[in-house]
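Student: Let me begin by handing over the structure; questions about it come next.
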2 protein chains.
Amino acid sequence: MTTIKIQPITPEAFAPFGDVLTPRATPDRLINAGRCERHHALATVERGEGEAIISIFRSESVSLPYDCPMLERHPLGSQAFMPLGDDPWMTVVAHDDGGKPGLPLAFLVPAGTGINLRAGVWHGVLTPLDKPAQFLVVDREGDGVNLEEAQITPVRITA
Amino acid sequence: MTTIKIQPITPEAFAPFGDVLTPRATPDRLINAGRCERHHALATVERGEGEAIISIFRSESVSLPYDCPMLERHPLGSQAFMPLGDDPWMTVVAHDDGGKPGLPLAFLVPAGTGINLRAGVWHGVLTPLDKPAQFLVVDREGDGVNLEEAQITPVRITA
């Protein structure tokens, strides 16, 4: 089985897949008479003709080593995940290779950090590590087929 | 000075102003082969001709008693706040009274619970209680004047 190592997420490494939701080094502006930093538009929701909606996901966890058997993508909209707990989590993504996912990459995402997957990016299901976790999710609702799944030859992800 | 008491938020009490972002008693659906609860579309972003964006706010705190001197509203879009820390926080809102805010109401919002203010709802600035806090914010970006501020005769909010 092909084995890959989980790697720490960075905005640069994740850029082909989407945005990292974390405060910038300096805020874009101060609001509320200087009492509040606004780290502005870390992501823009892609929604086509649909609407942006806010949901909460509560997911069971996985542990490493983890064999990833499937990737999916949402061609019509972006999907943002922000963890609401105190634990790091994992996101698995892949480049597209002629309409199918290429070799996955696994990123370790710190607690308090979210991601926004751009429309059409191959990704694994939500994978908190070791403990169930809750996420705020911002994605798209509307007409059209917005889910494509691809079974893959399982790839083992290790620490 | 007029004094009001902070009250626990409930979906019913908050309904005239917006949505409470917390998991429902039962999830709307199970996804990821039953491993993940989806509490679906707790809020829909109002954005008019603009776009939905995701930002992070980092705000200084206030403590009770707190004298609220000003309310604001965003006529062109909704604004959702989800706390990313472990502490309860406060949201102040008011009904509209002929284009000006009426008497404010203050809600105590538990840790892990967010709100989505509907477009045009009068509200106070972001007020974490006692400790600075960080929030994921989903609101609108686009053309047009989307901020209206109203100085009010200060209202004292007590525990």
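Student: Does segment A:73-82 contain at least one residue that is among the charged types (D, E, K, R) and within 30 Å of B:GLU46 (Cβ to Cβ)?
Tutor: Yes, segment A:73-82 contains at least one residue that is among the charged types (D, E, K, R) and within 30 Å of B:GLU46 (Cβ to Cβ).
Student: Can you confirm whether segment B:83-93 contains a residue that is open to solvent by 20 Å² or more (accessible area, probe 1.4 Å) and more than 13 Å from chain A (Cβ to nearest Cβ)?
Tutor: Yes, the conditions are met somewhere in segment B:83-93.
Student: State the number of residues belonging to segment B:51-98 that are more than 25 Å from A:PRO88 (Cβ to Cβ) and among the aliphatic types (A, V, I, L, M).
Tutor: The number of residues fulfilling the criteria is 11.
Student: Further question: Select, from A:VAL121, A:VAL92, A:VAL109, A:VAL145, the only residue that is out of contact with any strand residue (DSSP E or B) (no Cβ under 7 Å at 6 or more places or on another chain) and among the hydrophobic types (A, V, I, L, M, F, W, C).
Tutor: After ruling out the rest, the residue left standing is A:VAL145.
Student: I'd like to know if segment A:115-130 contains one or more residues that are over 17 Å from the mean Cα position of the chain (by Cα) and open to solvent by less than 60 Å² (accessible area, probe 1.4 Å).
Tutor: The answer is no, given that none of the residues of segment A:115-130 is over 17 Å from the mean Cα position of the chain (by Cα) and open to solvent by less than 60 Å² (accessible area, probe 1.4 Å).
Student: Here are some conditions: (1) crowded, with 21+ Cβ neighbours inside 10 Å; (2) among the charged types (D, E, K, R); (3) within 14 Å of another protein chain (Cβ to nearest Cβ). A:ARG73 meets all but one. Which one does it not meet?
Tutor: (3)
Student: Can you tell me which residue within segment A:24-49, out of those that are out of contact with any strand residue (DSSP E or B) (no Cβ under 8 Å at 6 or more places or on another chain) and within 10 Å of chain B (Cβ to nearest Cβ), is least open to solvent (accessible area, probe 1.4 Å)?
Tutor: A:GLY34
Student: Provide a single number: the residues in segment A:131-149 that are more than 17 Å from the chain's Cα centre (by Cα) and either acidic (Asp, Glu) or open to solvent by less than 10 Å² (accessible area, probe 1.4 Å) (or both).
Tutor: 2
Student: Going through segment A:1-21 one residue at a time, which ones are touching a residue at least 12 places away in the same chain (Cβ under 8 Å) and surrounded by fewer than 19 Cβ atoms within 10 Å (Cβ to Cβ)?
Tutor: Correct list: A:MET1, A:THR2, A:THR3, A:ILE4, A:LYS5, A:GLN7, A:PRO8, A:ALA13, A:PRO16.
Student: Determine which member of the set B:ALA52, B:ALA80 is buried (at least 16 other Cβ atoms within 10 Å of the Cβ), within 14 Å of chain A (Cβ to nearest Cβ) and more than 14 Å from the chain's Cα centre (by Cα).
Tutor: B:ALA52
Student: Turning to a different aspect of this structure: Regarding segment B:60-68, can at least one residue be identified that is touching a strand residue (DSSP E or B) at 6+ places or on another chain (Cβ under 9 Å), at the interface with chain A (Cβ under 7 Å from one of its Cβ atoms) and at negative phi?
Tutor: Yes, some residue in segment B:60-68 is touching a strand residue (DSSP E or B) at 6+ places or on another chain (Cβ under 9 Å), at the interface with chain A (Cβ under 7 Å from one of its Cβ atoms) and at negative phi.
Student: Which of (1) open to solvent by 60 Å² or more (accessible area, probe 1.4 Å); (2) under 28 Å from B:HIS39 (Cβ atoms); (3) of a type outside the set (Val, Ile, Thr); (4) free of Cβ contacts under 8 Å to residues at least 40 places away in the same chain is the odd one out, the single condition B:ARG58 does not satisfy?
Tutor: The failed condition is (4).
Student: Determine which member of the set B:PRO110, B:PRO101 is out of contact with any Leu (no Cβ under 6 Å at 6 or more places or on another chain) and more than 9 Å from every other protein chain (Cβ to nearest Cβ).
Tutor: None of the others qualify; the one that does is B:PRO110.
The values are calculated or read from the model by the stated rules, or taken from the named source; none is laboratory data. Note that the structure is a prediction, hence the values are computed from the model and not measured. No Cβ is skipped: glycine too gets one built from the backbone with ideal geometry, and neighbour counts run over all protein chains shown. In case anyone asks, the SASA skips ligands and DNA or RNA and just uses the protein heavy atoms, side chains included. Shrake-Rupley method; radii C 1.70, N 1.55, O 1.52, S 1.80 Å.
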